[in-house]
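Peer 1: Sharing a structure with you now.
Computed from the coordinates by the stated procedures, all read-outs in this text should not be read as laboratory data. In this text the structure is predicted, and so the values were computed from the model without any measurement. Virtual Cβ from ideal backbone geometry, glycine too; neighbours counted across all protein chains shown.
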Amino acid sequence: MSSSAEPVTPQTRHDLYATVLQETAHLISGVDDLVANLANVAALLRQRFGFFWVGFYLLRGDRLVLGPFQGNPACVYLERPRGVCWAAVLRESPVVVANVHEFPGHIACDPESKSEIVVPLKDRAGRIRGVLDVDSDRFGAFDEEDARWLNRLAEVLVPVWGED
Ligand code: SME
């Protein structure tokens, strides 16, 4: 999370994530447009958590391409298999990086970024379509509890990929 926010207690974090999950479901309900949905969800996450950078990368062949986000301008193309985002895609599970300088191949879009969490996003068929990426300007901002909650968020986001 951002250094601008006070560290949250476990209960506060639980309540915050639980609320954000509900708000996300409400935001995307009835909206049949990927960009609109991801843009609104990025804005919601930034607003609720004060994340330093939060956004989506979309899987396009052997590249991840920048999608809707909130924060500083970021790298547009992430080439397979380098970086934290690709690690999450290839492992098909969340990747929590307490210190980005210690992650081999980490792609530094912003020198202020110090820790990161990336969660793969799947469609109804179970195919990975992209990732949710959150960066912090503090070391160790994310843990396995964040990974569990953001995985639940990924489940809430399944409808944004449509039927096919
Ligand atoms: N750090 C990521 C690149 C995306 S930025 O964090 C916005 C990575 O290593 O894949």
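Peer 1: Considering the dipole of the stretch 10-161 built from charges on the beta carbon (Lys and Arg +1, Asp and Glu -1) around the Cα centre, which of 84, 100, 134 is farthest to its positive end?
Peer 2: 84
Peer 1: Still on this structure, I have one more. Sorted from largest to smallest, which semi-axis lengths in Å does the alpha carbon gyration tensor of the chain give for its equivalent ellipsoid, taking the root of 5 times each eigenvalue?
Peer 2: On the way: eigenvalues 92, 82, 38 Å².
For the chain, the ellipsoid semi-axes come out as 21, 20, 14 Å.
Peer 1: With every atom except the alpha carbons ignored, what do you get for Rg and Dmax of the stretch 97-164, in angstroms?
Peer 2: Rg, Dmax (Cα atoms, Å): 13.6, 39.
Peer 1: Same structure, new question: Quote the charge dipole size of the chain about the Cα centre in Debye, to the nearest 20; the model charges only the Cβ of Lys and Arg (+1) and of Asp and Glu (-1).
Peer 2: Around 240 debye, computed over the chain.
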